[in-house]
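Undergrad: Encoded as structure tokens, here's the structure I'll be asking about.
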Amino acid sequence: METSLAILAGIFGLGTTELVVILIILLVLFGGAKLPGLAKGLGQSIKEFKKATNEEEEAAKPDAEKKVDPKDTHGNN
């Protein structure tokens, strides 16, 4: 299973050197104490986003399964 960092690298076409430079810049900007908190918040955000999209897909499924036969809707009055 690929890590989220490797997935991002694949999406944006970043190599190992670029990722190391980005991580060093983040370390300098935010400091070592804040990076775990930032990573945790990012992970929770991604988890919440996936949960919301899965709930939306499940909510849409019952509507798609309810197919109404046009013959049943006409002339039943």
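Bear in mind that the values in this text are calculations on the coordinates, not laboratory data. None of these values were measured; they are calculated from a predicted model. As a convention, Cβ positions derive from the backbone with ideal geometry for all residues, glycine included, and neighbour counts pool all protein chains shown.
Undergrad: Can you classify the range 7-63 as rounded, prolate or oblate using the Cα gyration tensor, where a ≥ b ≥ c are the square roots of its eigenvalues, rounded means a/c under 1.5, and otherwise it's prolate if a/b beats b/c and oblate if not?
TA: Cα axes put the range 7-63 in the oblate bin.
Undergrad: From the phi of every residue in the range 34-44, what ³J(HN,Hα) in whole Hz does the Karplus formula 6.51 cos²θ - 1.76 cosθ + 1.60 yield, where θ is phi - 60° and glycine or proline is x?
TA: Ordered by residue, 3J(HN,Hα) equals 8, 4, x, x, 5, 5, 5, x, 5, x, 5 Hz.
Undergrad: Using r as the Cβ-Cβ distance of Glu18 and Thr53, and R0 as 22 Å, what FRET efficiency do you calculate, to the nearest 0.05?
TA: E(calc), rounded to 0.05, equals 0.15.
Undergrad: Also: If we count every other residue with Cβ under 14 angstrom of Leu42's Cβ, Lys/Arg +1 and Asp/Glu -1, where does the sum land?
TA: Taking every other residue near Leu42 into account, the sum is +3.
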